[in-house]
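The block underneath contains the structure these notes are about, expressed in C-alpha cells.
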Amino acid sequence: MLPGRLKISRCNGNFGQGINTAGTSYQVTYHIPVFAIASRPQYDSHSVEICCIPTRSLVGSPASRYEDRAPVNRKVPQLVHLFVLPSSSREVSRANKYIGAQPAMYSKRIRIVTASDTETGPSVSTNNVIEMLDHLEVCFNQWIDSEIRQASVTQVDGGPIGEPSLVIEDLFNGGMALECKSKYGIPVVGWWITPASSLMAITGHEQACSKTVYDSLLQLDARKEPDLFTKANELYLQNVSDRLVTIPGLPAVHEWELSPQSVPFIPPFIVYLAPRISNMLKHIDELVFCTTFEIEPISAASISTAFKRPVTPFFIGPAVDLVSPRQPDDESAINEFLDRAYSEHGAHSVIYVAFGTAFFPLPSTQPHLMAALDEIPKAGFKFVFALSSESAGVDQAWMDAHVQAGNAIFPKWANQTAVLEHPAIHYFLSHGGWNSSTEALVRGVPFIFWPFMGDQPTNAMQIANVHDCGFELLQVRTGPAQSTAYRNGTEVKIIGTQDAAREEMKHILELSKGPRGEHQRANVRMLGKVVADSLGRGGSGDVGLENLGKALSLA
C-alpha cells in the first residue's frame, strides 16, 4: 500500500479543491490508512476538525513524507480551523517538525496526538500489519471515546471547536470507525486514494463475476488459522486462474494478471482485510476517490452500483503537486547528470527508473532487471535509478560498471517531481503507484510499467493500454502471472527468461524513439492537462470536492 495525501481547502466560499488562482494547493500529507474527523464548530459554520491516523507499518519510511513541504493555499484559514494527526509515538517528532515549518496561520490550527498515549499497553511490532491494525483500532476507539467525554473544548483563535461529528476513513482501515457510528451516531464516509477501477479489482467486484480467487481466500479466518501465511499462499496458487476478468472501463485480462509479481504477504493480507472492506462498504453512503473522473469515466460511472449497497461517489482529483514542492539543487549529482546528458544528447535522452519507497523487483528477477537496464545505454540513452526502497538491492559491480562508463547514476533518493520536470527525461520506468503515476502524467512523461500488486496493475492498464501513454513489461512477471497475458484478444506468451526481458526492453526503447513514442508523449501531455485542469477552479475535481462538502454539510 502506498502513501497518500489529503487536500482540504476553501474555494469560492465552499468546500473546494486545493487550487487557488496561483495554481498552488494546500496538502496535508499522511500515510494510509487514514481517519479524518470533522468537528462541528460552535461559532463558525466553516470550521472543520480533521484527524488523520497513519499506520506506519503499511509504508516503508514516513520521514520523507512528513518533511515534504507542500504548497499552501492562502484561503485555507477561511475553512479549516483544526487538523488533528494521530500518529505512532515514534512519528510525532517528525510530524511536529513538518508542521512547525508551516506558516503560523496553519501550524497553530494543527494538533498532534498519538494513539500510544492511550492506556493500551506497549505498541505492537510494526512488522506485523494485522497486529498493528488491531492495535490501531483499539487506540482509535479509546481516543474518540475520550474526545466525546472530555469536558474541556479545544480552542482555536479564541473560539471553541466542538466534539467530532464526522469520520472520513480510508477503506484500508477496514471499518475501524464503524463503532463510532453505532455508538455515537457519528457518520462515516469512505476514502479511497486510488482510482475506482482498482477498488473493483481488489474487492473482486466486476461485470459477470463468477467465483474468484478472492472467494477461495475468504474461506480462511485470519484470526483462527494457525499458519495463515502458508495456507493463504497455498490457496492463492491453487485457485488463481486464467479466467478473464472484466472490470468496467478496463480491457479484459486474466485473473493472475491482477498480481503480476508473486508477493507472498498479499494473500494473507487479503484474507484479513477483504472482509473488513466489504463490511465497511455495507455501512457507508458516500465514498471519496482521489482520482479524476475523465481518466476513467466508465469505471467511475460504474462504481455507484458496483457493491450490494449503492454509494454516492465523489471524484476530487489526485493529490498531486502541479509545481514541484522542492526546487532542484543545481549542484546535486542527479541534476548535474541530467544537465550533462541534456547538453550532450539533447531532450529525452535519459530514462528515469524508480519503484517507490515500498516496492522493488524480487530477488528472482534481479537478473531480468539488470538485463533490461543494460539495453538502455545500448539504445543511446542514459538512466537515473533511484534506490529509495529499503529492499532495494542491485549487484554493486554491475552498478559500478555503469557509473564508470557514464551510463547511469544510482542515488538513494531522488527529488522525483524535479527529475520528472527535467527536459532530459525520456520515459519513466515505474511500478505504477498512483502518486508516481500522477506526478509523471501532469509533467508529460510517458511510462514503462513494472507493476507488482494492488492498484498498480490497473493503473498500468488504464494509462498504457486504454490511453496509450506508455508500455508495460510482461517478460519480468513472476508466479502464476508468468504464463500468458491477454492483450486485445490475443494470448501473449510469458517466456520469463533474462533474454526475453532484454529483448522486450530493446523493442520498447526502439518504439519509444519513433512515431509510437511521439504519439505516446502527445497523449500523456493531453492526459496530464486533463488531470491538471480537473484540479483547477471549476474543474471536475474542484466541483467534486465542493459537492462533497455540501453533501456532508460542511459548505
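What follows is calculated from the coordinates using simple rules that are stated; it is not laboratory data. Fair warning: this is a prediction, and the values are worked out from it, not measured in the lab. With ideal geometry, Cβ positions are generated from the backbone for all residues, glycine too; neighbour counts draw on all protein chains shown.
If you average the C-alpha positions of segment 458-529 and of segment 346-364 separately, how far apart do those two centres end up, in angstrom?
15
Using a Förster distance of 45 Å, how high is the FRET efficiency between ILE112 and GLU294, based on the Cβ-Cβ distance and rounded to 0.05?
Once the sixth-power term is evaluated, E becomes 0.75.
Compute the Rg/Rh shape ratio of segment 401-461: radius of gyration over Kirkwood radius, all on alpha-carbon atoms. Walk me through the numbers before you get to the answer.
On the way: Rg = 12.8 Å, Rh = 12.7 Å.
Here Rg/Rh amounts to 1.01.
Using the 10 angstrom Cβ neighbour count as an exposure proxy, how do MET399, MET526 rank, fewest first?
Working: MET399 17, MET526 12.
Result, fewest neighbours first: MET526, MET399.
Send over the Kirkwood Rh of segment 333-531, from the inverse of the averaged 1/r over different Cα pairs, rounded to one decimal Å. Display every interim value, and only then the final one.
Working: mean 1/r = 0.0596 Å⁻¹.
This gives a value of 16.8 Å.
Which of the GluC sites (Glu not before Pro) found in segment 193-271 are in a DSSP loop and have at most 12 neighbouring Cβ atoms, other than their own, within 10 Å? It would help to have the intermediate numbers written out before the result.
Details: sites: GLU206, GLU234, GLU255, GLU257; in loops: GLU206.
The qualifying sites: there are none.
Between LYS97 and TRP413, 0.36 nm times their residue separation minus their Cα-Cα distance comes to what? Mind showing how you got there, number by number?
On the way: separation 316, 0.36 × 316 = 113.76 nm, distance 2.00 nm.
Roughly 111.8 nm would be gained on extension.
Past the 29 Å Cα-Cα mark, which pairs from LYS382/LYS412; LYS108/LYS183; LYS211/LYS282; LYS181/LYS224; LYS224/LYS493?
Working: LYS382/LYS412 17 Å; LYS108/LYS183 31 Å; LYS211/LYS282 20 Å; LYS181/LYS224 27 Å; LYS224/LYS493 40 Å.
Too far apart for the 29 Å limit: LYS108/LYS183; LYS224/LYS493.
Would you mind calculating the gained length between LEU244 and SER364 on full extension (0.36 nm times residue separation, minus the Cα-Cα distance), in nm to one decimal? The partial results should precede the final answer.
Values: separation 120, 0.36 × 120 = 43.20 nm, distance 2.71 nm.
Full-extension gain reported as 40.5 nm.
Determine, for GLU296, GLU336, the number of other Cβ atoms within 10 Å of each Cβ, and report the residues in order from fewest to most. Walk me through the numbers before you get to the answer.
Values: GLU296 27, GLU336 13.
Lowest to highest Cβ neighbour count: GLU336, GLU296.
Please enumerate, by chain and number, the lysines with C-alpha under 18 Å from the C-alpha of LYS378, excluding those fewer than 8 residues away in the same chain.
LYS506, LYS513
For GLU344 and ALA522, what is the calculated FRET efficiency with R₀ set at 35 Å and r taken between the beta-carbons, to the nearest 0.05?
Values: r = 26 Å, r/R0 = 0.73.
Computed FRET efficiency for GLU344 and ALA522 comes out at 0.85.
For THR291, THR458, THR305, what's the fewest-to-most ordering of other Cβ within 10 Å of each Cβ?
So the ranking, lowest neighbour count to highest, is THR305, THR458, THR291.
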